[in-house]
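The values are calculated or read from the model by the stated rules, or taken from the named source; none is laboratory data. Remember, it's a predicted structure, so these values are computed and weren't measured experimentally. Here the Cβ positions follow ideal geometry from the backbone for every residue, glycine too, while neighbour counts run over all protein chains shown.
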């Protein structure tokens, strides 16, 4: 699994290089957190979740507990169909896991300052690049899943699931009920349906 984790930065960097000319005109900046509060679901692969989980485990224990509570709150709100700010967004509007943030966060930018009436605007070629990058991530994570960040991290906190995943095994039947009710996608299935 380490070799797959080591490939994540290269995939992210390739996207950034290809999107750089478009993103140079982005209105986003430090403290801009519209996408972290109002833009919708933060979908990640299981592999990205594993990297984020490792980042959480490096935090001091009191902060780990705070993150777990925030993830639990986020999960409950999402299950009831309510939007919720990213559980990793600090009061300062900075990202607690910025260096390990998933691709869903890396791909977003906007050509204007966003608000409820003016959601993010991206260039179409960057949207295509992002779709291609998501497919690359799902191919890399061929024994994993894609879903909202809180749901994927919840799955990784299950010792049986984690053991199966780390062994490189693929047993979707073990998460079928949770997967259906939480819109978790099987990466192998998504790969076959371009």
Quiz item: Could we say that residue 137 is surrounded by 13 or more Cβ atoms within 10 Å (Cβ to Cβ), at pLDDT 90 or above and within 26 Å of residue 64 (Cβ to Cβ) here?
Solution: yes
Exercise. Can you tell me which residue within the stretch 60-87, out of those that are in contact with a helix residue (DSSP H, G or I) (Cβ under 7 Å, 6 or more places away or on another chain) and farther than 9 Å from residue 150 by Cβ, is surrounded by the most Cβ atoms within 10 Å (Cβ to Cβ)?
Key: 86
Quiz item: With (1) free of Cβ contacts under 8 Å to residues at least 24 places away in the same chain; (2) within 25 Å of residue 6 (Cβ to Cβ) as the list, and residue 177 as the residue in question, which single condition is left unmet?
Solution: (2)
Quiz item: Do the conditions hold for residue 6, that is, is it more than 14 Å from the chain's Cα centre (by Cα) and at pLDDT 95 or above?
Solution: yes
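Among the residues that make up the stretch 49-58, is at least one of them over 15 Å from the mean Cα position of the chain (by Cα) and part of a helix (DSSP H, G or I)? Show your work before the answer.
Keep residues of the stretch 49-58 that are over 15 Å from the mean Cα position of the chain (by Cα), which gives 57-58.
Add one more test, that the residue is part of a helix (DSSP H, G or I), and what stays is 57-58.
For the stretch 49-58, residues over 15 Å from the mean Cα position of the chain (by Cα) and part of a helix (DSSP H, G or I): present.
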Quiz item: Quick one: is residue 72 assigned to a helix (DSSP H, G or I) and within 19 Å of the chain's Cα centre (by Cα)?
Solution: yes
Quiz prompt | All positions within the stretch 27-48 that are over 13 Å from the mean Cα position of the chain (by Cα) and at pLDDT 95 or above | solution = none
Exercise. Check whether at least one residue in the stretch 173-188 is farther than 26 Å from residue 80 by Cα and out of contact with any strand residue (DSSP E or B) (no Cβ under 6 Å at 6 or more places or on another chain), and report yes or no.
Key: yes
Quiz item: Only one residue in 147, 168 is out of contact with any helix residue (DSSP H, G or I) (no Cβ under 8 Å at 6 or more places or on another chain) and either surrounded by fewer than 16 Cβ atoms within 10 Å (Cβ to Cβ) or under 16 Å from residue 71 (Cβ atoms) (or both), so which one is that?
Solution: 168
Quiz item: Could you say whether any residue in the stretch 110-119 is surrounded by fewer than 14 Cβ atoms within 10 Å (Cβ to Cβ), in a helix (DSSP H, G or I) and either more than 13 Å from the chain's Cα centre (by Cα) or modelled with pLDDT under 90 (or both)?
Solution: no
Exercise. Mind counting the residues in the stretch 36-45 that are in contact with a helix residue (DSSP H, G or I) (Cβ under 8 Å, 6 or more places away or on another chain) and more than 22 Å from residue 66 (Cα to Cα)?
Key: 1
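Applying the selection to the stretch 37-55, what residues are surrounded by fewer than 19 Cβ atoms within 10 Å (Cβ to Cβ) and at negative phi?
37, 38, 39, 41, 53, 54, 55
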